[in-house]
Amino acid sequence: IHKFLGVAFIFASLHVLLISSDVSRSWILRGYMIFFIFIGLSSYFYRTIFSRYFIKTYDYEVKSVKELNNINEIRLVPKNQQMEFVPGQFVFVRFDSETGKESHPFTISSSSSDKELVFSIKNLGDYTSKLKELKEGINAKIEGPFGNFSFVNHLSKHYVFVAGGIGITPFLSTIRSVADNPEKYDLDIIDLYYSVKTKEEAVFLKELKNISRKLPKTKKLKILLCESEKQGHLTSKYLIEKSKNIYESKIFICGPIKMMHGLKEQLINSGIKKNNIIIEEFGLL
């Protein structure tokens, strides 16, 4: 259906250019419309027809699928070339099965030094709820990586991570990467706020606590579980109270859109520099 929308765009473009209107009478407006029509058509042909020639993909296969409460943890292994990425990035994944033939974006939750790719995907709709049916050995096409939501792009000694529900995934990748290769990353403290409705939803809490105990003394991981049913929603006041170095920290927020923008606005109003607050917007560059 998405591909057929391109055909509709072609007919709409012809309609705009051929009928008698302000576009046909003003060469400035006509040039303006032709410019955007060219961009639209180029994007359409790039993605649907010429993608196999221009877009780099990696071949993986499903190693295992594990259900964790309402989350499907899918583990993939490379069939040949391994994809390199930095913690916090996402990819587009297409599985060679009736379950997952569509291409969807998912954040990588595995360590960047791990040969395998892991995705921790919450059951939020028809597509994601069927991913548990994937079988071992099914082929997967990976396109990416994408995104700048990575602490390696924002160097600091102190970090504050705020995860809302399944927004924990980029932070899982980050913390697992630091645990696997602590000498690689020049940081001192990570304060992780793991916000969920109830404690049962915090399926990665035990692993995160184990990592915090095993990290070298030069690196401190503080985990704060926030249950919204008991504490209410996270506020900037709570973050400032618990994270003493927050004004010198880089603050990363990933979760529901309303939560991210609301918390960012509160933090700015509390005197924290806008440039120190990074939210996940799934940018492709």
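The values are calculated or read from the model by the stated rules, or taken from the named source; none is laboratory data. These figures come from a predicted structure and were not determined experimentally. Here the Cβ positions follow ideal geometry from the backbone for every residue, glycine too, while neighbour counts run over all protein chains shown. Accessible surface areas use protein heavy atoms only, side chains included; no ligands, DNA or RNA. Shrake-Rupley method; radii C 1.70, N 1.55, O 1.52, S 1.80 Å.
Taking residue 109, is it in contact with a Pro (Cβ under 6 Å, 6 or more places away or on another chain) and either within 30 Å of residue 240 (Cβ to Cβ) or open to solvent by less than 10 Å² (accessible area, probe 1.4 Å) (or both)? Against the criterion (in contact with a Pro (Cβ under 6 Å, 6 or more places away or on another chain) and either within 30 Å of residue 240 (Cβ to Cβ) or open to solvent by less than 10 Å² (accessible area, probe 1.4 Å) (or both)), residue 109 does not qualify. Which ones in segment 187-221 are under 26 Å from residue 237 (Cβ atoms) and among the charged types (D, E, K, R)? Result: 188, 191, 197, 199, 201, 209, 220. A search for C-beta distances below 6 Å between a residue of segment 253-280 that is polar (S, T, N, Q) and any residue that is surrounded by 12 or more Cβ atoms within 10 Å (Cβ to Cβ), counting only pairs 6+ apart in sequence or on different chains, returns 266/236; 270/236; 276/250; 276/251.
Return a yes/no flag: does segment 121-144 have any residue that is open to solvent by 30 Å² or more (accessible area, probe 1.4 Å), modelled with pLDDT under 95, part of a strand (DSSP E or B) and farther than 20 Å from residue 82 by Cβ. Scanning segment 121-144 turns up at least one residue that is open to solvent by 30 Å² or more (accessible area, probe 1.4 Å), modelled with pLDDT under 95, part of a strand (DSSP E or B) and farther than 20 Å from residue 82 by Cβ. Summed over segment 145-165, the residues that are in contact with a strand residue (DSSP E or B) (Cβ under 7 Å, 6 or more places away or on another chain), within 25 Å of residue 240 (Cβ to Cβ) and buried (at least 19 other Cβ atoms within 10 Å of the Cβ) give a count of 10.
Listed by position, the helices (runs of 4 or more DSSP H) enclosed by segment 204-263 that each have at least 1 residues that are under 20 Å from residue 87 (Cβ atoms) are 205-214. A single entry from 168, 190, 223 fulfils the requirement of being free of Cβ contacts under 8 Å to residues at least 60 places away in the same chain and open to solvent by less than 20 Å² (accessible area, probe 1.4 Å): 190.
Checking each residue of segment 8-28 against the condition of being under 30 Å from residue 197 (Cα atoms), open to solvent by 30 Å² or more (accessible area, probe 1.4 Å) and among the β-branched types (Val, Ile, Thr) gives no match. Selection of segment 64-85 for residues being open to solvent by less than 40 Å² (accessible area, probe 1.4 Å) and acidic (Asp, Glu) yields only 73.
Tallying residues that are of a type in the set (A, V, I, L, M, F, W, C) and at pLDDT 95 or above within segment 152-162 yields 3. Evaluate the following for residue 49: is it β-branched (Val, Ile, Thr), open to solvent by 60 Å² or more (accessible area, probe 1.4 Å) and modelled with pLDDT under 90? Yes; evaluated as a whole, the condition is true for this residue.
In segment 248-263 there is at least one residue matching the filter, namely being of a type in the set (S, T, N, Q), open to solvent by less than 40 Å² (accessible area, probe 1.4 Å), over 25 Å from residue 121 (Cβ atoms) and modelled with pLDDT of 95 or more. Checking each residue of segment 228-241 against the condition of being open to solvent by less than 40 Å² (accessible area, probe 1.4 Å), closer than 16 Å to residue 165 by Cα and modelled with pLDDT of 95 or more gives no match. Residues in segment 171-184 that are surrounded by fewer than 19 Cβ atoms within 10 Å (Cβ to Cβ) and touching a residue at least 24 places away in the same chain (Cβ under 8 Å): 180, 181, 182. The residue of segment 193-218 that is most open to solvent (accessible area, probe 1.4 Å), among those that are farther than 14 Å from residue 165 by Cα and in contact with a strand residue (DSSP E or B) (Cβ under 8 Å, 6 or more places away or on another chain), is 209.
When restricted to residues that are surrounded by fewer than 14 Cβ atoms within 10 Å (Cβ to Cβ) and under 23 Å from the mean Cα position of the chain (by Cα), segment 264-285 contains 8.
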